[in-house]
Every structure is written in structure tokens, then in C-alpha cells.
There are 2 protein chains.
Amino acid sequence: MPRSARISAEVLFRALADRTRLRLLNLMNGQELCVCYFVGVLSTNQPKISRHLAYLRRAGIVAARKDGKWMHYRIAVPPNDAAAKILKQTLDWLAHDPEMRHDLTLLNKACCSPNALVEIEGAPPPIPMQPLGAA
Amino acid sequence: MPRSARISAEVLFRALADRTRLRLLNLMNGQELCVCYFVGVLSTNQPKISRHLAYLRRAGIVAARKDGKWMHYRIAVPPNDAAAKILKQTLDWLAHDPEMRHDLTLLNKACCSPNALVEIEGAPPPIPMQPLGAA
DNA sequence: ATGTCATATACGCATATGCGTATGCGACTG
DNA sequence: CAGTCGCATACGCATATGCGTATATGACAT
């Protein structure tokens, strides 16, 4: 029994058909993050982020882990190879997009620089993961 | 100057995020077809087909050719490799879907069987093409 | 217990999407 | 040149989607 059901093409593509969700996936490529990082990097309101993360989770391409008051989100590799391959290639594609690269730069600053984003003071740091797409 | 502009991830995924459009793309994988074939195989109304074909065309993943009163549609390989790769893998994926296979069976019957679909009597036959996905 | 923090969800709104029906339009036919 | 054929588009409608604001929930701190 697979941990999650096969993902249909329509469900996958609908999940990928939104810029905000693509940005979230790009940030999760290589690390598990809690919500406040997404809010900080995309500099938007928190409910918007939570809604899109919930969407990705329902679609089956993102998984969540509770940790005290924090929720950590990570990419969940789809059980069907076709969907997994497309997701991987999508992440590779995004890695060439300037805005996506900039998002990753901001994420890096948020963790490591002396002047971290205000939103994430005291938040648990990102947890590195095996990236699905290009690191 | 490229024949068509690069396709953005959102535009591509939005185009792929609809079952009807996926069925149309699947039918075009390997041949150029005129509208009446799509109408016959999907057994739906013609404006619905035309609208979805126009959508795919605007998205840049389908091209059209006028031939008298007929319009022939075919898959247009996106100029950016990332988009082309995803489109190809999508077509490969669809080739495993039962409904998609059934559609191709119907298309084959429509052309070759003695009892062709009524919709396509007198229509120009499909024109074989190099398939982008699995043939 | 009370407050605060991180996150999720409810709500109302504006816009987008997909659909069927009706109609427009160019191309061929008699 | 009137009719028909293949296709595209306009229109009205129902539903879906994404958004910001407000509020609920659950965990931790005091």
C-alpha cells in the first residue's frame, strides 16, 4: 500500500498552475521549511501562504510535519513515476527563473545573515533534504 | 527571432490542467487532425472543442493550418527545452491512461473502419507526424 | 488561567473558467 | 449568388479560484 495515492495529471497540473505555489515548491526544493519562512520570503500575508500550502498538500505533492507550534512543509515525491518525473523537471525548470533564484537568496539571508527577516526570529531553521530537482 | 515565444511554467501548466485539453493533446500526438475528428472522438459539441483548441493555441503548444474549409491542428513543440520536455513527458504519461488509449482506438476506427463516425464523412484524413511523446 | 505565538480556516468579494446555445464568417457547391 | 459546410466566436450562466480581513485553534509561556 503506497503512503499516498497516485496523482492524476489534472490534479498535478492544476497544483502547478499558480505562480505562488510554484514559488513555494521552489523554496521547498532541498529543505523542509515552516510557514513563517514562506511568508517572509514572498513577503505576503500568512493566510495566503497557508491556503496554498494546504492546496499542495491536498494535491499530494507536499507533506507536513507538526513541531510544537510550527508546521514544517516539504515536497512529497508522488508515488507514480510519471508525476514524480514531471515534478522533478518542473523544479529544475524553476531553478532557472530569476524570481525563483531571488527567493532562494532571500531564504538564505533569512537563515544565515546577522539581519534575519523579522518574521522568522526564533523560528526553527530550515532542515536540509535531498532535493528532488536541481539543488 | 523564434517562431514562437518561450512558454512560461504557469501558462503551460494551466493549459495542461484540464481533462478535455489533455485528451485533445493526446489525440494530436503523432498526427495532425481537423476539428471534426476531435468532435467525433470526444463525442461532444463543436464549440467546446474549438474553444479548447484555441486555448492550447494561445498557450503556444498547438499550431493550426488552414486547408479550405478545414483547420488542421497539431502539437507545436515549445521553443524552450524545459517546456518541451514536460510536454513530451506528459504525452508519455497520458499514453498509459485507459480513456486516452480508448480515444486513440476511436480515432483509428474513425479513419479506417468501414463504419466511420458520421461526423467525419468526407473530412480530410489525419496526417501522420513525428510524435513528441510515445507513439 | 491568561496571554501570546504560529498556523489554519471562515467569510465575502472580485474575477476567471468552463459550458451549452446561438450566431458569425469564410470557403466551397449548385 | 443562395445554400451548405466547417469552424470560430459572442453571450449568458453556473461554478471555481484567488484574495484580504477577520477569526478560530492549539501549543507554549507566564
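The values are calculated or read from the model by the stated rules, or taken from the named source; none is laboratory data. Please read these numbers as outputs of a predicted model, since none were measured by experiment. So basically every Cβ, Gly included, is an ideal-geometry build from the backbone, and we count neighbours across all protein chains shown. Keep in mind that these areas ignore ligands, DNA and RNA; they rest on the heavy atoms of the full protein, side chains included. Shrake-Rupley method; radii C 1.70, N 1.55, O 1.52, S 1.80 Å.
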Quiz item: Mind checking which residues of segment B:18-30 are open to solvent by 10 Å² or more (accessible area, probe 1.4 Å) and either under 8 Å from the mean Cα position of the chain (by Cα) or within 14 Å of chain A (Cβ to nearest Cβ) (or both)?
Solution: B:Asp18, B:Arg19, B:Thr20, B:Arg21, B:Arg23, B:Asn29
Self-check item: Residue in segment B:12-71 that is farthest from DNA strand D (Cβ to nearest atom), counting only those that are touching an Asp or Glu at 6+ places or on another chain (Cβ under 6 Å) and either more than 29 Å from A:Leu22 (Cα to Cα) or part of a strand (DSSP E or B) (or both)
Solution: B:Val41
Exercise. Can you work out which of the residues in segment B:82-135 that are within 14 Å of chain A (Cβ to nearest Cβ) and at pLDDT below 85 is least open to solvent (accessible area, probe 1.4 Å)?
Key: B:Gly133
Quiz item: Can we say B:Arg6 is more than 14 Å from every other protein chain (Cβ to nearest Cβ), open to solvent by 60 Å² or more (accessible area, probe 1.4 Å) and among the basic types (Lys, Arg)?
Solution: no
Quiz item: Would segment A:40-49 turn up any residue that is closer than 18 Å to A:Gly133 by Cβ and either out of contact with any Gly (no Cβ under 9 Å at 6 or more places or on another chain) or modelled with pLDDT under 95 (or both)?
Solution: yes
Exercise. Go through segment A:72-83 residue by residue and tally those that are under 30 Å from B:Ala134 (Cβ atoms) and either within 16 Å of DNA strand D (Cβ to nearest atom) or touching a Phe, Trp or Tyr at 6+ places or on another chain (Cβ under 8 Å) (or both).
Key: 2
Exercise. Scan segment A:17-60 for residues that are among the aliphatic types (A, V, I, L, M) and in contact with a Lys or Arg (Cβ under 9 Å, 6 or more places away or on another chain) and jot them down.
Key: A:Ala17, A:Met28, A:Leu33, A:Val39, A:Val41, A:Leu42, A:Leu53, A:Leu56, A:Ala59
Quiz item: Looking at segment B:47-64, is at least one residue within 14 Å of the chain's Cα centre (by Cα), open to solvent by 50 Å² or more (accessible area, probe 1.4 Å) and within 14 Å of chain A (Cβ to nearest Cβ)?
Solution: yes
Exercise. For segment A:73-96, indicate whether the set of residues that are in contact (Cβ under 8 Å) with a residue 24 or more places away in the chain, over 23 Å from B:Leu94 (Cβ atoms) and in contact with a Cys (Cβ under 8 Å, 6 or more places away or on another chain) is non-empty.
Key: yes
